[in-house]
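Peer 1: Please read through the structure below; I'll follow up with questions.
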Amino acid sequence: MPPHVEFIGVEKTYDGRTLVVRNLDLAIARGEFLTLLGPSGSGKTTSLTMLAGFETPTRGEIRLEGRSLLRAPPHKRNIGMVFQNYALFPHMTVAENVAFPLSVRRVARGEIGPRVRRALEMVRLEGLGERHPAQLSGGQQQRVALARALVFSPALVLMDEPLGALDKQLREHMQFEIKAIHRQLGVTVVYVTHDQGEALTMSDRIAVFSQGAIQQIGTPTELYDAPASAFVAQFIGENNRLAGVVAAIEGRRCRVRLADGSTISATLGLDLPRGAGCTLSIRPERLHLGLAAENRLAARLADVTFHGDHVRLRVLLADATELVVKLGPRAAPHPLTPGQTVELGFEARDCRALDVPGAAAIDSLHPPALQ
């Protein structure tokens, strides 16, 4: 089946020298919930606005359902948009806001009322159609914006940091609301956020952006368990890092020598040669205390914090490298006292040898042909 949305060699520059988006090739399946995730300035929002039609690519092609969008104005693309600031018309009622996309598309008046009612029922706002936006909570206003984006049955829905203005509890609730509506309708969603927890919770796949390019794309599980670079490992979830040098390689496993001369068994996350500097990536929940394991490290306990569902330990290695350990409350040995010596254990499959952060930074200069 051909992609529903396709970016082919897309690039964007504003000054003719610096690429904001570089050589973007991305295929999105029909009905997929794809999140563009990355820090500010990574190119994710620019990619979304080019898809929406608010920006024009400097190079490349963007297609929706097999047809080029480059000459199509935003209002002709059949795309719904949900913004962080809701972008509701304050002088219109809720029903009028939701009906607006139907009116501009010249939908028959007799169809508008039933379609608005269905859209409001879908977001659980039935009975609130006569209120104005100022009379609603932030979560309710976001639901109105979502109903307005869906009421005309768009081919695609784009969401740009839609939950950024909500408090933590409401934001988490709305994540499940949006995902439930996505499952119900089967609409294709492209979602932009810098919140990795939000991306892991909601997405079918995540494209991690940095410096205008996708660093890795995959399911939440793939990105968390098998990051392809030190940047992705650090950006997706909490992560411990150890610096070392690849001392030996056997298939997809390797031995990494640490600064103190000890060696660690790890999984090669990249095709690193023998003698290369690397970063070992280990998730805090993959570390444990006092159990048999392939790898063992002596450490000093610096801090113990109880979080209800887990105990969080902060430990220091001999060279002052700080690691975080997360243990289930029943897995944590007692007593645990700051200052005591502990032994960390972990398996090679849970430790990935990756690049050194910044060593392979992408050149920000535009190719000479566009200068």
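The values are calculated or read from the model by the stated rules, or taken from the named source; none is laboratory data. These numbers were taken from a predicted model, which means no experiment stands behind them. So basically every Cβ, Gly included, is an ideal-geometry build from the backbone, and we count neighbours across all protein chains shown. Heavy atoms of the whole protein, side chains included, go into the accessibility calculation; ligands, DNA and RNA do not. Shrake-Rupley method; radii C 1.70, N 1.55, O 1.52, S 1.80 Å.
Peer 1: Assuming 0.36 nm per residue, please report the length gained on full extension of the stretch residue 155 to residue 292 beyond their Cα-Cα distance.
Peer 2: Between residue 155 and residue 292, full extension yields 44.0 nm more.
Peer 1: Here's a follow-up. With r defined as the distance between the Cβ atoms of residue 25 and residue 334 and R0 fixed at 35 Å, what FRET efficiency is calculated, to the nearest 0.05? The partial results should precede the final answer.
Peer 2: On the way: r = 53 Å, r/R0 = 1.51.
Calculated transfer efficiency: 0.10.
Peer 1: At a Förster distance of 22 Å, what's the computed FRET efficiency of residue 169 paired with residue 309, Cβ-Cβ distance as r, to 0.05?
Peer 2: Efficiency computed from Cβ-Cβ geometry: 0.85.
Peer 1: Quick one: net charge of residue 246's neighbours, Cβ under 13 Å, K/R +1, D/E -1?
Peer 2: +3
Peer 1: Let me ask something else about it. Nearest 20 debye, what's the magnitude of the dipole of the chain about its Cα centre given +1 on Lys and Arg Cβ and -1 on Asp and Glu Cβ?
Peer 2: Values: 42 positive and 38 negative charges, 166 e Å.
Value, rounded to 20: 800 debye.
Peer 1: Report, in debye and to the nearest 20, how large the dipole of region 197-350 comes out about its Cα centre when Lys and Arg carry +1 and Asp and Glu carry -1 on their Cβ. Don't skip to the end; give the middle numbers.
Peer 2: Details: 16 positive and 17 negative charges, 58 e Å.
Dipole magnitude for region 197-350 comes out near 280 debye.
Peer 1: Here's something else I'd like to know. Give me the one-decimal nm value for the distance between modelled label points at residue 316 and residue 183, 7 Å along each residue's Cα-to-Cβ direction.
Peer 2: 4.7
Peer 1: Label point 7 Å out from residue 75 along Cα-to-Cβ: which residues of region 138-153 have amide N under 17 Å?
Peer 2: 149, 152
Peer 1: I've got another one for you. Once amide H atoms are built 1.01 Å from N in the peptide plane, which residues 5 or more positions from residue 156, or in another chain, come under 5 Å H to H?
Peer 2: 80
Peer 1: Label-point separation (nm) for residue 67 and residue 87, each offset 7 Å from Cα along Cα-to-Cβ?
Peer 2: 2.1
Peer 1: Rounded to the nearest 0.05, what FRET efficiency is calculated for residue 130 and residue 263 with R0 set to 51 Å and r the Cβ-Cβ distance?
Peer 2: On the way: r = 70 Å, r/R0 = 1.38.
In this case the efficiency is close to 0.15.
Peer 1: Considering Cα pairs under 8 angstrom that are at least six residues apart, work out the relative contact order of region 222-299 and quote it in whole percent. Can you show the working numbers first?
Peer 2: On the way: 107 pairs, mean separation 23.7, N = 78.
So the answer I get is 30 percent.
Peer 1: So what is the 222 nm mean residue ellipticity for the chain from helices alone, if each DSSP H run of at least 4 adds -39500 (n - 2.57) and you divide by all residues, rounding to the nearest 500 deg cm²/dmol?
Peer 2: Details: 8 runs with 84 residues, N = 371.
Calculated mean residue ellipticity at 222 nm is -7000 deg cm²/dmol.
Peer 1: Could I ask something else about it? Of the accessible area of region 93-242, with the probe set at 1.4 angstrom, what percent is carbon plus sulfur?
Peer 2: Whole-percent figure for carbon plus sulfur exposure: 49.
Peer 1: How many angstrom lie between the Cα centre of region 24-75 and the Cα centre of region 282-299?
Peer 2: Taking the Cα centre of each part, region 24-75 and region 282-299 sit 43 Å apart.
Peer 1: Please list 3J(HN,Hα) in residue order for region 7-14, calculated via the Karplus relation 6.51 cos²θ - 1.76 cosθ + 1.60 where θ = phi - 60°; whole Hz, with x for glycine and proline.
Peer 2: 9, 10, x, 7, 9, 9, 9, 9
Peer 1: Taking the structure as given and computing Cα Rg over 2.2 N^0.38 Å, which label from [x] 1.00; [y] 0.95; [z] 1.18 fits?
Peer 2: It is the one labelled [z].
Peer 1: Which lysines have a Cα lying under 23 Å from the Cα of residue 12, excluding residues fewer than 8 positions away in the same chain?
Peer 2: Partners found: 44, 76.
Peer 1: Additional query: If packing is taken as the average number of other Cβ atoms within 10 Å across a peptide's residues, how do 23-34, 109-120 rank, most packed first?
Peer 2: In decreasing order of mean packing, 23-34, 109-120 become 23-34, 109-120.
Peer 1: With +1 on each Lys and Arg Cβ and -1 on each Asp and Glu Cβ, and nothing else charged, work out how big the dipole of region 97-166 is about its Cα centre, in Debye to the nearest 20.
Peer 2: Around 280 debye, computed over region 97-166.
Peer 1: For the chain, give the share of DSSP beta bridges that are antiparallel, in percent and rounded to the nearest 5; count only bridges with both residues there.
Peer 2: Here the antiparallel bridges make up roughly 75 percent for the chain.
Peer 1: Here is a further query. Write down the accessible area per residue of the chain in Å², having rolled a 1.4 Å probe over the full set of protein chains.
Peer 2: Value for the chain: 48 Å² per residue.
Peer 1: Moving on to the next point. Note down the relative contact order for the chain as a percent, whole number, built from C-alpha pairs under 8 angstrom at least six residues apart.
Peer 2: The normalised contact order for the chain reaches 16 percent.
Peer 1: Continuing with the same structure: How much length is gained on full extension from residue 15 to residue 243, taking 0.36 nm per residue of separation minus their Cα-Cα distance?
Peer 2: 78.3 nm
Peer 1: Right, next: Suppose each label sits 7 Å from its Cα in the direction of the beta carbon; what would the residue 343-residue 270 distance come out to in nanometres?
Peer 2: Here the answer is 3.3 nm between the modelled labels.
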